[in-house]
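These notes are about the structure you will find just below.
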Amino acid sequence: MIESSVVVRAATADEDPACVDVWTAAVAARDGVPEDSAVRVRAEAKFAVPRVACLVASAASASARSSESASSGPDGSSSPLDGFVLVTARGTGRPTDPSDAAYLSLLAVRPDLQARGVGRALLVAAVEAAAAAGHPAVVLHALADNLPALRLYEAAGFRPTGVTFPHALTGRLTATYVVGMP
């Protein structure tokens, strides 16, 4: 049985490295490649900018928390994080982003837990946190060929703005999505 109960909470500063681990593993799994140090460095830099919220998730199911499937940090220790979302201050995305929008900088779920509601719970909580912080909109950038992510964003009310650009690391076409604007 797939467990859909997810606990989302504010991250602590000492959880930033575990979030980067989840991001790096998720990108490698998405692209079918080994983990890349350039992906890690770019993610670490995103944690250095002013943030609106950083939220982490854990599945409530004990089966989802099994030690065999727990992500491992660089030191080999097990991480309790199943996913995270990083929302940064307006103006931290691209110059073409809406000027009043918070930027959903990173959203990742452990590869073995994807499609179980963790990403959806994080996305909803991120938009709520941005609204609570006074941001009328949230903008994000997603690879135009990452159909599972695009379906998730669209189901949550995000709409493409028509502004596309090449991804900084891969050159792949990247789309801009926004929610909350009239």
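For the stretch 159-179, residues that are within 18 Å of the chain's Cα centre (by Cα) and more than 21 Å from Val27 (Cα to Cα) total 4. Against the conditions (1) at pLDDT 50 or above; (2) open to solvent by less than 70 Å² (accessible area, probe 1.4 Å); (3) within 27 Å of Leu147 (Cα to Cα), Ser37 satisfies every one except (2).
The values are calculated or read from the model by the stated rules, or taken from the named source; none is laboratory data. Since we're looking at a predicted model, the values are computed, not measured. SASA here: full protein model, heavy atoms, side chains in, ligands and nucleic acids out. Shrake-Rupley method; radii C 1.70, N 1.55, O 1.52, S 1.80 Å.
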